[in-house]
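Worksheet: the structure to be examined is printed underneath.
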Amino acid sequence: MLYAKEIIGEVMKKIYLFIFLSFLLLFGCKSPSEPSSNPEEYFPLQIGNKWYYNSAFPDTTSVNIICEVHGQEDINHKKYYRIVEQNLQYNFLDTIFYRISGDTLFSRRINYDEQTVADFSLNLNDTAYWQNDLTVVQKTKDIIKFETPFRVDYGNSITFQRGIGITNSVQNGFVYYRRTLIKAEIK
């Protein structure tokens, strides 16, 4: 009789464990097919990460811009990642600083104010009014694309790919500028 109670007790423990783990799987985990709102997943800023871009016309396959995360800096009591951008076409170096706060990616150059680049918590077709009516025009588990409506004198878009970073950006204004990712080295 004691032996039967022990067996029933062990079976009940396993049933309770199974039910508990089932609840964890159903309610505790985010579906892998849902888009994330974590900017670090779409713009990995580890030191040493490199992105190789093309921005030349008509050649769209060769690399002429290399961006690399060189380190971190505190600017106005905020921690930024320093990205050095090397333009091979014009033999020019530039530095851009990026920081992540919550669901939002910010950028700045050394003598300019901070600007909001993207708010990853926005859903498809949501518009952020903090920067020229920037709208989420594509959002999947792997791609998020933000776009300001293109007009004669202004418009822009920026596309992020999960685990890679910025894969495409276009600016239409005083000068038309396009940048397309050729390859990335992500650590």
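The values are calculated or read from the model by the stated rules, or taken from the named source; none is laboratory data. Being a predicted model, the structure only gives us computed values, none of them experimental. No Cβ is skipped: glycine too gets one built from the backbone with ideal geometry, and neighbour counts run over all protein chains shown.
At a glance:
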item	result
Yes/no for Thr135 being of a type outside the set (D, E, K, R) and more than 17 Å from Thr159 (Cβ to Cβ)	no
Qualifying residue in the stretch 164-187 (condition: basic (Lys, Arg), modelled with pLDDT of 90 or more and over 22 Å from Val63 (Cβ atoms))	no
Residue in the stretch 75-94 that is in a loop (DSSP other than H, G, I, E, B), surrounded by 13 or more Cβ atoms within 10 Å (Cβ to Cβ) and within 18 Å of the chain's Cα centre (by Cα) present	no
Candidate set: the stretch 115-141, residues that are more than 19 Å from Val170 (Cβ to Cβ) and without any contact (Cβ under 8 Å) to a residue 12 or more places away in the chain; chosen: the one surrounded by the most Cβ atoms within 10 Å (Cβ to Cβ)	Asp126
Residue match in the stretch 147-166 (condition: under 17 Å from Glu68 (Cα atoms) and assigned to a loop (DSSP other than H, G, I, E, B))	yes
Residue match in the stretch 142-152 (condition: touching a Leu at 6+ places or on another chain (Cβ under 8 Å), without any contact (Cβ under 8 Å) to a residue 60 or more places away in the chain and over 23 Å from Tyr52 (Cα atoms))	yes
Given (1) modelled with pLDDT of 95 or more; (2) out of contact with any helix residue (DSSP H, G or I) (no Cβ under 8 Å at 6 or more places or on another chain); (3) not acidic (Asp, Glu), number of the condition Ile100 does not satisfy	(2)
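Each row is one residue, and each column tells you yes or no for (1) assigned to a loop (DSSP other than H, G, I, E, B); (2) at pLDDT below 75; (3) exposed (fewer than 10 other Cβ atoms within 10 Å of the Cβ).
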residue: Ser31; (1), (2), (3): yes, yes, yes
residue: Pro44; (1), (2), (3): yes, no, no
residue: Gly48; (1), (2), (3): yes, no, no
residue: Thr61; (1), (2), (3): yes, no, yes
residue: Glu68; (1), (2), (3): no, no, no
